[in-house]
Amino acid sequence: MIVTRFAPSPNGHLHLGHAYSAIVAHDLAQAGNGRFLLRIEDIDGARSRPELADEFRHDLEWLGLEWDEVPAQSTRLESYEHAAQQLLERGLLYPCVCTRSDIRQAQPASGPEGPIYPGTCKNAVIDKSKPAALRLDLEKAMGQAGEIAWTDELSGAVIVDPRDFGDVVLVRKDEPASYHVAATLDDAIDGVTLVTRGSDLYSASHVHRLLQELLSLPVPHWHHHALLLDSDGKKLAKRRNSPSLSDLRNSSEDGRLLAEQLRLQRLPAGISLESA
């Protein structure tokens, strides 16, 4: 049975890009007589606004989608801690006290998430009085995992190569887990068989597949769909104040009609779909 999920973070209103992602996940599950899950990813510290979770539910209902809700990330902190402890015991994590400014000053190469960490703290003596994140020693991790692959339903088999991310943070200084470890563990716990998300997260799937191998987790397939773009050719985003679904919902527009238009890629004025 196909199990997909939509996993928004309550740190801003949903926009048309989120609607498209939810519809893709919902329809793929329906086509396979499966389940479409809603999971609230609410461990983003002070940025998380609990009241937005209800708004998200209203948005999905307005679009005519049906879902099963699973526990929010804030209820799963123990599982993240357990995974980090496993990796620590295998010598795959190390503490890092570097700030973003420290990393920028090192003038590292750039990757999908910005500057690639140059490994400053990997073999350094760490000041234990400073807050520290835990980073994955990518070289050791890839050595333990061996050659592995993941499958995207649109692009086929892909050999895992997460080196563009460098030694990613798995436990943040101020939060119990990074997106990488939390989303990977949650998908396993929830029985997700098809991870559906935007093409902007395609590269992150290399990291997630590596974590699945290291933690002996089930391996799903992936479906990275195209992104919706605004009139400037940039992806819709909360930080760019893209028009929200709640604003549309509170106007005269019909949500089910909008959902059908998105399915047929008849996009609103000023919105386009990225080129394949």
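The values are calculated or read from the model by the stated rules, or taken from the named source; none is laboratory data. All of these numbers come straight from a predicted model, not from anything done at the bench. Note that each Cβ is placed from the backbone with ideal geometry, even for glycine, and that neighbours are counted across all protein chains shown. When the accessible area is computed, the model is the full protein with side chains, heavy atoms only, and any ligands, DNA or RNA have been set aside. Shrake-Rupley method; radii C 1.70, N 1.55, O 1.52, S 1.80 Å.
Where the only charges are on Cβ atoms (+1 Lys, Arg; -1 Asp, Glu), what is the dipole of the chain about its Cα centre, to the nearest 20 debye?
That gives a dipole near 660 debye.
For H15, enumerate residues with amide H under 5 Å from its amide H, sequence gap 5+ or separate chain, H modeled in the peptide plane.
L245
Take each of the peptides 220-226, 263-269, 197-203, 110-116, average the number of other beta-carbon atoms within 10 Å over its residues, and list them starting from the highest.
Answer by packing, highest mean first, reads 220-226, 197-203, 110-116, 263-269.
Can you give me the accessible area per residue for the chain, using a 1.4 Å probe, in Å²?
Accessible area per residue: 50 Å².
Please list, ordered by chain and number, the residues whose modelled amide H lies under 5 Å from the amide H of R135; skip anything fewer than 5 residues away on the same chain.
Close amide H contacts, sequence-distant or interchain: Y94, C96, L170.
To the nearest 10 degrees, how steep is helix 51-62 against the longest Cα principal axis of the chain, on a 0 to 90 scale?
Its long axis makes an angle of about 40 degrees.
Around D137, under 12 Å between beta carbons, what's the net of Lys plus Arg minus Asp minus Glu among the other residues?
Neighbour charge sum, excluding D137 itself: +2.
As a quick test, which of the pairs K122/K235; K173/K238; K140/K173 have an alpha carbon distance above 31 angstrom in this structure?
K122/K235
Hey, what angle do you get for helix 77-89 against the long axis of the chain, alpha-carbon based, 0 to 90 degrees rounded to 10?
30
With charges set only on the Cβ (+1 for Lys and Arg, -1 for Asp and Glu), what does the dipole of the range 144-199 come to about its Cα centre, in debye to the nearest 20?
For the range 144-199, the charge dipole is close to 120 debye.
Using modelled backbone amide H atoms (1.01 Å from N, in-plane), which distant-in-sequence or interchain residues come within less than 5 Å of F6's amide H?
Residues meeting the criterion, in which the H sits 1.01 Å from N, are L37, L38, R39.
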